[in-house]
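Taking it in order: structure first as structure tokens, then the write-up.
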Amino acid sequence: MTDRAAEFDEARLVAAAKGGDYNAFHALVEAHAPHLYALARRVTGQDADAEDVVQTTFLKALENLANFREEAAFGTWVHAIAVNSALKLLRQRKRTWVGQPGDGEDDSLPQPQLVADWRPSVEQQVEQREFHELLQQVLDELDEKHRVVFVLRDIEQMSVKETAATLGLTESNVKVRLMRARLMLRERLTALLGEGPNLKAHMDDHDHAHLLEGRP
Amino acid sequence: MNCDDMLKMINRYVDGEIDPSMCANLERHLAECNPCRVVVDTLRKTVQFYKGDQMTELPIQFKKKLDDALRQKWDQTMGKG
Ligand SMILES: [Zn+2]
């Protein structure tokens, strides 16, 4: 289906839902819930939190359905609610908030330590459940302030400006955090997916030499 | 152009945001620096894999729980209208 056709379909569903058709509302939920769950899971790092976020999002959408303008995109609307609920959960859970700038926020970048091509077989694994879990686990290990920027910018494809506004950061903060996030994820994934014999440290740094041993 | 310069621009390079003249410089460096080539390639894959890792279904138990909660709320707010 083309995007325009999908939008038209969605506008029709929204109109029907506003008119009291539960099945129409349910179809909208089915269309958007999986993506919002994945988003919330990545931002919060917890299954239970992701469930909370998705449920809160659609309950809120239901409550405010009457005020929702049909010409607006339903997906954009619930996406914004979900992002805000997920961030609110993070704020509640922690004293330190990801949106706080500062604390050693300079331009220095982590130097790549592990430099190796990834096994070619990786390309065939990307559809598998185990690979999804591996990506999730590596992302979970990233500290919150970098993880959230990476999720909003690279996975959710929000602009730098939007990401900055959502998190209360400057655009340059967002860019630096995104760069660090990508480099840290790349490092960790290389440790897991890199081709053993070729794993070598960049720039004469052999701190990670122990990782090279005992590889298949 | 050295490896540090490359690293500073790696995000903009991977995102295709570098202007063509600078881009030629970077590519010259990449042609002769294997470590940087590998870092660029694996960084690009890192972004691609995460971007492509989308969910098409909710965990089954949660789906049931969500449906029940929404149905109940619907009956309270819309059902009587
Ligand atoms: Zn180099």
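The values are calculated or read from the model by the stated rules, or taken from the named source; none is laboratory data. Just so it is clear, the model here is predicted, and its values are computed rather than measured. Using ideal geometry, Cβ is built from the backbone for each residue, glycine included, and neighbour counts are taken over all protein chains shown.
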Suppose the filter is on the phi < 0 side of the Ramachandran plot, away from the ligand (no atom under 12 Å from the Cβ) and either without any contact (Cβ under 8 Å) to a residue 40 or more places away in the chain or charged (D, E, K, R) (or both); does residue B:8 pass it? no
So which residues in the range A:131-161 are more than 15 Å from residue A:83 (Cα to Cα) and either assigned to a loop (DSSP other than H, G, I, E, B) or in contact with a Cys (Cβ under 7 Å, 6 or more places away or on another chain) (or both), if there are any at all? A:142, A:143
Any chance residue A:166 is more than 17 Å from the chain's Cα centre (by Cα) and either touching a residue at least 60 places away in the same chain (Cβ under 8 Å) or part of a helix (DSSP H, G or I) (or both): no
Is at least one residue of the range A:186-200 under 24 Å from residue A:35 (Cα atoms) and either outside the structural domain of residue A:55 (by TED's automatic domain parsing) or at pLDDT 95 or above (or both)? yes
Would you say residue B:47 is closer than 28 Å to residue A:124 by Cα, in a helix (DSSP H, G or I) and within 16 Å of the ligand (Cβ to nearest atom)? no
The one condition residue B:42 fails out of (1) away from the ligand (no atom under 16 Å from the Cβ); (2) facing chain A (nearest Cβ under 7 Å); (3) in a helix (DSSP H, G or I) is (1)
Could you count how many residues in the range A:137-179 are within 11 Å of chain B (Cβ to nearest Cβ), among the charged types (D, E, K, R) and surrounded by fewer than 22 Cβ atoms within 10 Å (Cβ to Cβ)? 3
Any residue at all in the range B:51-64 that's within 16 Å of the ligand (Cβ to nearest atom), of a type in the set (A, V, I, L, M) and within 9 Å of another protein chain (Cβ to nearest Cβ)? no
Is it true that residue B:54 is exposed (fewer than 15 other Cβ atoms within 10 Å of the Cβ) and under 22 Å from residue A:32 (Cβ atoms)? yes
For the range B:11-39: of the residues being hydrophobic (A, V, I, L, M, F, W, C) and not in a helix (DSSP H, G or I), which is farthest from the ligand (Cβ to nearest atom)? B:18
Going through the range B:15-39 in order, the residues found to be facing chain A (nearest Cβ under 8 Å), touching a residue at least 12 places away in the same chain (Cβ under 8 Å) and surrounded by 18 or more Cβ atoms within 10 Å (Cβ to Cβ) are B:39
I'd like to check which helices (runs of 4 or more DSSP H) are fully inside the range A:11-129 and have at least 1 residues that are closer than 21 Å to residue B:55 by Cβ and at pLDDT below 90. A:122-125
